[in-house]
1. Criterion first (part of a helix (DSSP H, G or I) and farther than 21 Å from C:Leu189 by Cβ) does C:Ala244 satisfy it?
2. Of all residues in the stretch B:181-195 being out of contact with any Lys or Arg (no Cβ under 9 Å at 6 or more places or on another chain) and not in a helix (DSSP H, G or I), which is nearest to the other protein chains (Cβ to nearest Cβ)?
3. Taking the stretch C:426-452 on its own, how many of its residues are over 14 Å from C:Trp529 (Cβ atoms) and over 28 Å from the mean Cα position of the chain (by Cα)?
4. Any chance you could count how many residues in the stretch C:17-54 are under 27 Å from the mean Cα position of the chain (by Cα), within 10 Å of C:Arg116 (Cα to Cα) and within 14 Å of chain D (Cβ to nearest Cβ)?
5. Do you know which residues across the stretch C:143-161 are surrounded by 24 or more Cβ atoms within 10 Å (Cβ to Cβ) and in contact (Cβ under 8 Å) with a residue 40 or more places away in the chain?
6. Which of the residues that make up the stretch D:188-213 are crowded, with 22+ Cβ neighbours inside 10 Å and hydroxyl-bearing (Ser, Thr, Tyr)?
7. Please note which helices (runs of 4 or more DSSP H) are completely contained in the stretch C:413-529 and include at least 3 residues that are closer than 30 Å to C:Ala50 by Cα.
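The values are calculated or read from the model by the stated rules, or taken from the named source; none is laboratory data. If you're wondering where the values come from, they're calculated on a predicted model, not measured in any experiment. Note: ideal-geometry Cβ built from the backbone for every residue, glycine included; neighbour counts use all protein chains shown.
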Amino acid sequence: MNPANYLYLAALLFTIGAAGVLIRRNAIVVFMCVELMLNACNLAFVTFSRMHGNLDGQVIAFFTMVVAAAEVVVGLAIIVSIFRSRHSASVDDANLMKL
Amino acid sequence: MMSALSALSPATVSLAAETTRTSTGEAVQFWVLGTVAVLGALATVLMKKSVHSALSLAATMIVLAVFYLAQGAYFLGIVQIVVYTGAIMMLFLFVVMLVGITAADSLKETLKGQRWMAAGCGIGFGILLIAGIGNASLDTFAGSGQANSGGNVQGLARLVFTTYVWAFEITGALLITAAVGAMVLTHRERTEERRTQRELSQARVRDGVQVTPLPAPGTYARHNAVDIPALLPDGSSSELSVNSTLRARGQVRDVAADAMRRLAALDQSAGEWLGRKGLRDKGLESSESSAADRAEEGAK
Amino acid sequence: METLIGLLVAAPLLGAGVLLTGGRRLNRYGHLLGTLLALVSFVLGLVLFANMLGKSADDRTLTSHLFTWVPVESFQAQVGFQLDQLSMTFVLLITGVGSLIHIYSIGYMEHDENRRKFFGFLNLFLAAMLLLVLADNYFLLYAGWEGVGLASYLLIGFWQHKPSAATAAKKAFLVNRVGDIGLSVAIMLMFTTFGSFAFADVLPAAKGADATQHATLTGIGFMLLLAACGKSAQVPLQSWLGDAMEGPTPVSALIHAATMVTAGVYLITRSGAIFNVAPDAQTAVVTVGTVTLLFGAIVGCAKDDIKKALAGSTMSQIGYMIMAAGLGPIGYVFAIMHLVTHGFFKAGLFLGAGSVMHGMNDEVDMRRYGGLRKYMPITFVTFGLGYLAIIGFPGLSGYFSKDKIIEAAFAKGGTEGWILGGCAMLGAAITAFYMTRVMLMTFFGEKRWERDAEGHEPHPHESPASMTIPMIVLAFGSVFAGALFSLNSRFVHWLEPVTGHSEGDSPLSTGAVTAGTLVVLLLGVALAWLMYGRRPVPAVAPRGSLLTRAARRDLLQDDFNHVVLVRGGEHLTRSLVYLDHSLVDGVVNGTAASVGGLSGRLRKLQNGYVRSYAVSMLGGTAVVVAATLLMRAV
Amino acid sequence: MADSSFPILTVTAVLPAVGAVATAAVPAARKAAAKYTALLFSLGTLVLALVTLVRFDPNGARYQFTENHVWVKNFGLHYDLGVDGIGAVMVALTALLIPFVMLAGWHDADPLEDRTGPNRRWRPTQGFFALILMVEAMVVLSFEATDVFLFYIFFEAMLIPMYFLIGGFGDRAHAAGEDEAARQRSYAAVKFLLYNLAGGLIMLAAVIGLYAATAKQLGTGTFALQDILNARASGKFDLATSTERWLFLGFFFAFAVKAPLWPLHTWLPNAMGESTAPVAVLITAVVDKVGTFAMLRFCLQLFPDASKWATPVILVLAVISIIYGALLAVGQRDIKRLIAYASVSHFGFIILGIFAMTSQGQSGATLYMVNHGISTAALMLVAGFLISRRGSRLIADFGGVQKVAPLLAGTFLVGGLATLSLPGLAPFVSEFLVLVGTFSRYPALGIVATLGIVLAALYVLVLYQRTMTGPVKAGVEGMSDLKARELVVVAPLIALLLFLGVYPKPVADIVNPSVQHTLSDVNKTDPKPALEAKK
């Protein structure tokens, strides 16, 4: 099997995640989709690192994870506080930017 | 799973190292688990309840972890399971609980044309990505053998603490900040003085709805479970005695009727035993009489 | 001596400056100062005159250059004076009559709180008029030309609280402006043709001009004529003169009878050299003059307002002068001569009229006069003498000057000559008629005045000495000036060096002309007497014949102006204002509006839903990726 | 004196800017102090400008008091200042008018009530005078700049203070009520800004285009006027015909908007109508002059051939402006708008003179800029006094003013007579020069333009008759005559009008050589008189 398949898989997952971000209204699910996209990237990184036979890709993936963790923590906190004030987790309800 | 384990063995790694193609085992594994991953992703997007989305996402992540392992990124594979599937997904689940497990949002689109544009963009983007990968020149395939020769973890450690040490430090700072930020965001200051018992009781008296303390559940009943309302002297059940949450969820087990039936049966047997006919019918009519009987019986 | 010329202008100018900026503290003696300065310049004029007489006829011209006004490359406008016999004549007329009228005004304007300002304006007028006649180039002349226009504007509108006065002033200035176009275009033509507009350069050059230049010169001639029409109230620009009578009577006497309105004659005479080589222009001048002479006379017959009647007469008399000037060298001298004599008797007549009004609570309607000779004898006598002079009673000044013009008209020769002569004679007859009419309606017959609006009876009385003396002086002038001038044709020799003179060959002998004139004159007088002397004059004007009614309305000339120019102009401006707002501005605002609408549509994309922003982000990313791929593919 | 070490031009321009800052810094309560500070600085500027004018040597170098510093080397950007005769005169005019503008607007910006509490720092008076000084600085710099880009900067920068002056300070009393007044004000201000910005942007494009052209042909691009002119003189720099035409149009459009040329004039009536009289004077007498001045300095010098190519159209437009402006002035019901349209007509004369390309025409045009500045200032400021007294701008609300306020009426009449260019008052000289200059090359246009003088007489006299003469209208009876301050404003202007009307030689002598330079740039010579031509 050609290891490039991993890349195709990553692309597929990434796209699904992106579509999810666009389609879902529930902020939590949107967040999950973001995570999915991140993971897809990680997969790509790892695959590349294997292809080039060095570990840099894995390091980057590692950092991605860390950053993702931080982002999730803050993001979920935001969701919770928004939910507290608006009693809704729908991203469409957070539309203060609307004219 | 077996093939995944075999992928772990240095032999296959070294074997993978010289060829530009992976072992058949890995291929099989890829195709099987890849399908799972994609399904999981789709489920994440399409499930109505966010709990289900979370679970399916978790599945996908585990699959990815396996893929990492299969590709010689042992450290990442483990971290993926521990941090992502273990920590982050749990965090998600917690939040889902906080926000309400039953809050299933409808998948009906409210923004005009949003869904079509999303689909269009998504598919177009995916096609572009895949096309890009397709005509990228990916002939180099070194394999992770060299890199992992000194051990994958050590290798990573060396890089992280030498080349990427600066980024590493920064990430640490980021994490701290994130933790503090999360705390600040979620922590809620008590804005008004807590109401003392005196105030509470005064309030009760003032609006005179329920002056006395609420009845405890399970009183006058054969059970003492919290989901069973107390029975009033007339045998009917008192809603107040059950936790409001349970009431809201309609999880109150009402035993009033059951109790009546049993009483009736008891009376009958007692009547037969005492040979009193006339009383019996009436006794079944009104609860007062039955109550009276019960009183007598108690007296006995 | 040369410096005196400057002083001549400076004196009244100084007066104007002081009186107009001096403020109320000058009210008490302001009028005296004004009169004094007018007299000063008159004396200066006399001194210069004496000095001039002392010299031989050929080098009598004095010039004095003050400073360069506008120096731009070849366009060098100088402020310089040139005093020759022609200017001298005018200087004496202006300062002389001017001084008299200053004196007269002291009495006439006694009760006006703005008397100081009035004298300031009068001085301003004198200065401007002197500048006009003394200028040694057309550009400076133009300055004086506009200056007198301004003065006349200010003086006609002196009683600004009367809307009629304000309107009349505005009208006068505007009509004059139309004439001024002529003058300025003429100057431009001179500049582009001769590269200069100084008399010293232009006139000789015009004399020496060859055939190729004649077209241009004709053009200049026409333009000058247009200017003259404006200033001298000649058809078709005569309409302002009648209304100008809204001004105080001394103003009418000085500006609108004796001096300013004759500026046109001066201009044409001064530019004789140009007209001599532009026969078409000359013909035009003569035509205009003739038409006006009859026009004015006819109008004069119908007016019941004494001043307006006199205005009509002024118009027609100036018509005589213009006609004479148009006749060329045979006419210039007589034009000027008639101008001077007319200055005397017409000023006298106006002052008389003023004196009458003064006695009649400013009543101007002759039908409300009558039999005034008993009440104001001096006025009657002086007015009467003026009357005899203007109708050309033998021996009085009008007789000499007018007959000379009529002779000259015949002397033009050919049918042209006959026509002109005939018209001139007809004019003389009509003049006799309307002047007699004025005379009879004012001083003869029974009294027709009654209590005025305020309800108090007018008490006709003789005017104070300050008013009568000037009238007497002018009366003397109007009696003797003509004889004085034409005694062994002194005036002709006096002006010849400047204007040139040639005796035309008249088909009629002098005697014949004189006789004819006398006959028509008597006819006119007789007719007038039949109509107004024999039977009583109705206090309200009868409807009168079509011609009469037309003449009352200045032969409908004003109505024409009103309908065509005023109305048309109003419509034009109103529609333009509308267009400016809707079209010119509309285009711009339209673009602005459309841009606004477009952005309004685009704004809809900003719906505030983060997901739709996300879509556009993804789309953008897709585009970028596609672009990069394409780049690499290429 | 070109090598005088003292950078007098910079100082002349910077002084008012400093004054603006100083004025703005005066505490809110000290209104009088602010006013006197501003006045002081403007007077200082006037002194400097007059020194420049006096020390200017007409027969010396073309540009004098030059200051040349490289600003941004890579973009060939220079800080080049220098004045020719025209520039010196214009700077002097600007510096001369500003103090009068300030005196006339002495109380225009006083707050109706002293605010307390949070916005007690509210200081409209300081703002008003500071803005005026700012405008002065910008205008002076754009008269002095000899670097195209430097000029462009100030040409645009002056819009900002003007915008606030128009939009921020209106007549105290307005027929349509406060809110409507504010609405119209902001409309006028925005219109002013948009029009001029549009012009400016097009010009910017042309400026950059010019830079590109120089960069292409000279190797190193430059904005410096002198470099470009020298390069063209030495034949190193020669624009292609079409390029030159496009660039010319780019420049000319901006200037035609600024010095409103039909049909780009419609912003002027709004701006002048809604702003206070002093600001209106600032607009028409000072700011707009930059446009006509720039035509002389930049259009003709940089693009001689294109200028000659465009001349016929421009002349026709100018004549249209003259007649059209005058006719619309006749049709106005609002005093200020009337004067504004009169200005449109006058700017038509100026542009006519510039593009007639004869020494009479261009000297006349330059003198016209000066005289129009002074005469319009006189007329507009007196009109302002009139309006502030009656609290209305409508001609119909006035009548018989001369009865109650003769001095006011008199000065108004003098201003009006100057506007209709009566001989003896300054505008006559310039107008006649323009007409002669035009006539000597384009007789037909000259004659049509001459009709303008009749129309001018019409609108001025109609205005005077309706407002000043006749019976005293209701609401006018109590009108007070000119106060001392107002007299101080008007009297010198009138004196100046008389002086320049009788003896314009000093100014003309300064202007003429520069005009000859400009004419030689476009290599045109005056047409010879017909007679001499034959000989």
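1. Criteria met by C:Ala244.
2. B:His187
3. Qualifying residue count, the stretch C:426-452: 7.
4. Result for the stretch C:17-54: 2.
5. C:Trp145, C:Val148, C:Gly149, C:Ala151, C:Ser152, C:Leu155, C:Ile156, C:Gly157
6. D:Tyr195
7. C:465-486, C:490-499
One line per residue, one yes/no per condition, for (1) part of a loop (DSSP other than H, G, I, E, B); (2) among the polar types (S, T, N, Q):
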site	(1), (2)
C:His214	no, no
C:Ala233	yes, no
C:Pro250	no, no
C:His256	no, no
C:Thr262	no, yes
C:Tyr266	no, no
C:Ala273	no, no
C:Ala281	no, no
C:Gly289	no, no
